[in-house]
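Okay, structure first, notes after.
The values are calculated or read from the model by the stated rules, or taken from the named source; none is laboratory data. Just so we're clear, the structure is a prediction, and the values are computed from it rather than from any experiment. Please note: Cβ atoms are built from the backbone with ideal geometry, for glycine as well, and neighbour counts cover all protein chains shown.
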Amino acid sequence: MNYTLDFTPVIEGLPNLLLACLGTFLLALCGMVLAIVIGIGGVILRDSRFKPLRWLVIGFVEVIRNTPFLVQIFFIYFALPLAGIRLDPTPTAILALGINGGAYAIEIIRGGVQSISKGQMEAGLALGLHKAQVFRFIVLKPALRAIFPSLTSQFVLLTLSTSIASAISAYELTSVSQRIESDSFRSFEVYFTVTLFYLVISWLMMRIFALFSARYFNYPVK
């Protein structure tokens, strides 16, 4: 079978694809911010003395980690309207990404927190710091430094998971590429280009995380 490559539809749709890359990046960024908030909050509640809160966090983590992301995003998109809450596809995608990433972030951050010796926390309390200050200055930053590579890998996976948001027509790269492909029937050309775009997006994310780590988590040079 002879197949002639024709990237004309891709070239014509390039402005839309570039805007969709920005949409993917913003979806991922917003999802990461929400995931970090959920992760840190979940770690605090996970170690609460109030058992129902601990059970709630444990149940949340187990449910999210053991169900497909596609099912989660469908549940949010179609179940919330039954409760009177209607969200557009993009906010739904951000919420789903944040919840999914947050469940993994809880366990990753908790592992980092547990790596901090109790002696350091006791020393902070002995110096007159409040528990919140001890957590912020003595526990959280060293813990984030220790688990940052794992958290980075998880967030790159979260970035790639934005493609699943195309199932609810959120504005991102896969959704736009599907429209171009359905109009042109040039599947190979479209998805070859999209693959390259995702590679570039992942590389940019890794560079951003590396710069962030160098800026905030490197030990001072003596």
Report yes if some residue within segment 93-108 is under 25 Å from Y198 (Cα atoms) and of a type in the set (D, E, K, R); otherwise report no.
no
Among (1) without any contact (Cβ under 8 Å) to a residue 24 or more places away in the chain; (2) farther than 20 Å from L160 by Cβ; (3) of a type in the set (A, V, I, L, M), A146 falls short only on (1)
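Do you know which of the residues in segment 1-53 that are within 30 Å of E107 (Cα to Cα) and small (G, A, S) is surrounded by the fewest Cβ atoms within 10 Å (Cβ to Cβ)?
So the residue we want is S48.
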When you check L5 against the structure, is it touching a residue at least 60 places away in the same chain (Cβ under 8 Å), out of contact with any Cys (no Cβ under 8 Å at 6 or more places or on another chain) and not in a helix (DSSP H, G or I), yes or no?
yes
Reported set for segment 111-130 where residues are assigned to a helix (DSSP H, G or I) and without any contact (Cβ under 8 Å) to a residue 60 or more places away in the chain is G111, G112, Q114, K118, G119, Q120, M121, E122, A123, G124, L125, A126
Any residue in segment 40-57 that is of a type in the set (F, W, Y), in contact (Cβ under 8 Å) with a residue 24 or more places away in the chain and part of a helix (DSSP H, G or I)?
no
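Conditions tested, residue by residue: (1) in a helix (DSSP H, G or I); (2) within 23 Å of G23 (Cβ to Cβ).
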{"residue": "T67", "(1), (2)": "no, no"}
{"residue": "I76", "(1), (2)": "yes, yes"}
{"residue": "L82", "(1), (2)": "yes, no"}
{"residue": "L87", "(1), (2)": "no, yes"}
{"residue": "G102", "(1), (2)": "yes, yes"}
{"residue": "I109", "(1), (2)": "yes, no"}
What are the pairs, 6+ residues apart or on separate chains, where a residue within segment 131-143 that is under 15 Å from I108 (Cβ atoms) has its Cβ under 9 Å from a residue that is assigned to a helix (DSSP H, G or I) and of a type in the set (G, A, S)?
V139/G112; V139/G124; L140/G112; P142/G112; A143/G111; A143/G112
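The rows are residues; the columns are (1) among the hydrophobic types (A, V, I, L, M, F, W, C); (2) at pLDDT below 90.
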residue	(1), (2)
A132	yes, yes
P142	no, yes
P149	no, yes
F155	yes, no
A167	yes, no
S187	no, no
M205	yes, no
Being in a helix (DSSP H, G or I) and either of a type in the set (S, T, N, Q) or farther than 16 Å from T92 by Cα (or both) is the requirement here; does A143 meet it?
yes
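Per-residue answers, yes or no, for (1) more than 15 Å from the chain's Cα centre (by Cα); (2) crowded, with 20+ Cβ neighbours inside 10 Å:
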site	(1), (2)
L97	no, yes
A105	no, yes
G111	yes, no
L127	yes, no
P149	no, no
V156	no, no
T159	no, yes
S163	no, no
A167	yes, no
Any idea which residue in segment 208-222 is modelled with the lowest pLDDT, counting only those that are assigned to a helix (DSSP H, G or I) and surrounded by 10 or more Cβ atoms within 10 Å (Cβ to Cβ)?
Y216
Out of the residues in segment 59-84 that are surrounded by 14 or more Cβ atoms within 10 Å (Cβ to Cβ) and free of Cβ contacts under 8 Å to residues at least 24 places away in the same chain, state the one that is nearest to P142 (Cα to Cα).
I76
